[in-house]
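K.L.:
I am attaching a structure below and will ask some questions about it afterwards.
The values are calculated or read from the model by the stated rules, or taken from the named source; none is laboratory data. Keep in mind that this is a model prediction, so the values were computed, not measured. In this analysis, Cβ positions are derived from the backbone assuming ideal geometry, glycine residues included, and neighbour counts consider all displayed protein chains. Areas reflect the complete protein model, heavy atoms only, side chains present, ligands, DNA and RNA absent. Shrake-Rupley method; radii C 1.70, N 1.55, O 1.52, S 1.80 Å.
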Amino acid sequence: MRDRFPLVVAGGLLVLAMLGTWLVRGAARGGFADTLSSWRAQPDGARGLYLLAEESGLPVSRRTSDLLILDEPGTLLQLAVEVEGAHEEDPDQTALATERDEGLADEDVPRHGLNRLHVPEMSEDETEKLLAHVWAGRTLVLVPWGSRENPLLDKLGVTLTKADTSLPMRTLVPPLSSPYTLGVERVEARVQAYLELSGAEDAVPLLEDEPLGLTVAAVLAHGSGRVLIVGAPELAMNQALARADNAQFWLSALRALGPGPYVFDEHHHGFTNERSVVDFARRYGLHFAVGQLLLGLGLWALALKRFGRPRPPPESTRVGATDALFAMGRLYREGHHHAFAAQLLTRGLTQALAQHAGLPAQAPADTVAESLAASGRSDLAQGLRALVRRAPEVAGEKELMHLATRAAALRQRLHPSGPPSGAPPPPVAEEP
């Protein structure tokens, strides 16, 4: 074991270093969110687009619930949302993507931290609800990731063709003048997929690859609504908004879609209305959640720990309490208030048994006894009834002492472990 001790220490230090690095990376500001999330402040996030629209006076908000209920007006923005049932019609396009390095060339949305575990795909039911929502006259901004087809694009009649990821950044220009490209001369972004609009009715190209003449962004009609599709996810990223007229394109396109509000779909980036330790760790960094957990455990341990032996009360307090008790007892004894003292004892016993039975302390003795009998403590119920019945009949000190002894015996039986070992069972009076 001594020979292996250096290896154990080295391995432990390595694990601690990796864990610390992971915690620091997870705690980065805005790094908790998913790719193209409006909460992500990293270069591949869409926080810049959200703030751009907000600072430009456009009403924006975030949606953290699923799409099974859609009744609010406005434009829904889905940025890099994966759809259940995605497929690739041409396997060669998938091979083209997987042969490159991960990033914009990858067909799967890059996940960060704990997002790999809980980011949901848009289900089939949600897809149908969303299409019906747009058909009824709403608008949708769709920025798919990769070039795989999915049921949503199939219903819209749009096919994606994988762009060559070895090509440098592309220059995109409007093929014709439209409100969607007002003030836009050129847009610069890396393209993941080109749009084939042969199956889409009334589709209008908005951005084309200038040298290749292939469509990158288009708006099409679906029922009474409209859908804006962009095949360049980088165009919505923080790192691309400062290039050329990229920011102006988004402002013009959003204004042309309608007055808003413009709702960013964050549910399919892993955000929900539920709050938990996992959600807190994902938002603000795991080290904060671990710190809170350790703090709670420390406070709990301190609350249960007694520091040193029990300290006796001060002599003046002890003597004063003893003198007050003797004085009260003398008053009861000299005034022959034995029945009143007995009733006080039974009242305190009733309150203690009421708490044991789950009743308020002001509950009458009959109610407490019935509750105890119903919960299987007929011994306590019979004893309480007997003491309450005997209390008004107490006329001397011996009877009062006997009643107090029986009340103390009943209190002892409240202990979870039962009466002390060797103690006789409390006497219980017979029912009349």
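K.L.:
Has region 342-352 got at least one residue that is β-branched (Val, Ile, Thr), modelled with pLDDT of 85 or more, in a helix (DSSP H, G or I) and loosely packed, with under 13 Cβ neighbours inside 10 Å?
P.N.:
No, because not a single residue in region 342-352 is β-branched (Val, Ile, Thr), modelled with pLDDT of 85 or more, in a helix (DSSP H, G or I) and loosely packed, with under 13 Cβ neighbours inside 10 Å.
K.L.:
Let me ask you something else. If the requirement is being under 21 Å from residue 127 (Cα atoms) and of a type in the set (A, V, I, L, M, F, W, C), which of these qualifies: 216, 227?
P.N.:
227
Per-residue answers, yes or no, for (1) in contact with a Leu (Cβ under 6 Å, 6 or more places away or on another chain); (2) modelled with pLDDT under 85:
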residue: 14; (1), (2): no, yes
residue: 26; (1), (2): yes, yes
residue: 34; (1), (2): no, yes
residue: 48; (1), (2): yes, no
residue: 55; (1), (2): no, no
residue: 75; (1), (2): yes, no
residue: 80; (1), (2): yes, no
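K.L.:
For residues that are more than 20 Å from residue 373 (Cβ to Cβ) and part of a loop (DSSP other than H, G, I, E, B), tally how many sit in region 385-415.
P.N.:
The total comes to 3.
K.L.:
Also: Looking at region 110-214, what strands (runs of 3 or more DSSP E) fall wholly within it and have at least 1 residues that are open to solvent by 30 Å² or more (accessible area, probe 1.4 Å), touching a helix residue (DSSP H, G or I) at 6+ places or on another chain (Cβ under 8 Å) and modelled with pLDDT under 90?
P.N.:
Once the strands (runs of 3 or more DSSP E) in region 110-214 are filtered for at least 1 residues that are open to solvent by 30 Å² or more (accessible area, probe 1.4 Å), touching a helix residue (DSSP H, G or I) at 6+ places or on another chain (Cβ under 8 Å) and modelled with pLDDT under 90, what remains is 159-162.
K.L.:
Identify all residues within region 400-415 that are open to solvent by less than 80 Å² (accessible area, probe 1.4 Å) and either over 11 Å from residue 353 (Cβ atoms) or among the polar types (S, T, N, Q) (or both); write none if there are none.
P.N.:
From region 400-415, those open to solvent by less than 80 Å² (accessible area, probe 1.4 Å) are 400, 403-404, 406-410, 413-414; that's our starting set.
The answer is 400, 403, 404, 406, 408, 409.
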